[in-house]
Amino acid sequence: MKSTVSDDYSTRSSEWIGDMTVWLRKNGEDNSDQLSRLRRQLRLARERELTPRQRQFLTRYFDDGLSMKEIAEEMGVDPSTVSRTLRRAKERLRRALQYAL
């Protein structure tokens, strides 16, 4: 059974999610400029706002994919130190980027 929606979006009534996906794809805004600006701002904020240790922990955790425990063992610190350092780094980045967009 076909729905009564225009032909561009016609689908079975049980496929509403797919229907919505098609609509969003056709009518959604392109946010590539915003994402590009955010990436630039994030790169700058990492360089300017974080301490060397925060940058190092953030790189090892997010870019290299190490766990907090692995970073702690590598750096010779307690895992809770890694956790606190990452939390503070993320908070600094959030504050720095809050008004960047």
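The values are calculated or read from the model by the stated rules, or taken from the named source; none is laboratory data. All values reported here derive from a predicted model rather than from experimental measurement. Every residue, glycine among them, receives a Cβ derived from its backbone with ideal geometry; neighbour counts consider all protein chains shown.
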Checklist entry - Can ARG12 be described as exposed (fewer than 12 other Cβ atoms within 10 Å of the Cβ) and at pLDDT below 95? => result yes
Checklist entry - Within the stretch 45-61, which residues are part of a loop (DSSP other than H, G, I, E, B) and surrounded by fewer than 17 Cβ atoms within 10 Å (Cβ to Cβ)? => result THR51
Checklist entry - So GLY65 fits all but one of (1) assigned to a helix (DSSP H, G or I); (2) exposed (fewer than 12 other Cβ atoms within 10 Å of the Cβ); (3) not acidic (Asp, Glu); what number is the exception? => result (1)
Checklist outcome for this item: The one condition LEU35 fails out of (1) surrounded by 13 or more Cβ atoms within 10 Å (Cβ to Cβ); (2) part of a helix (DSSP H, G or I); (3) aliphatic (A, V, I, L, M) is (1)
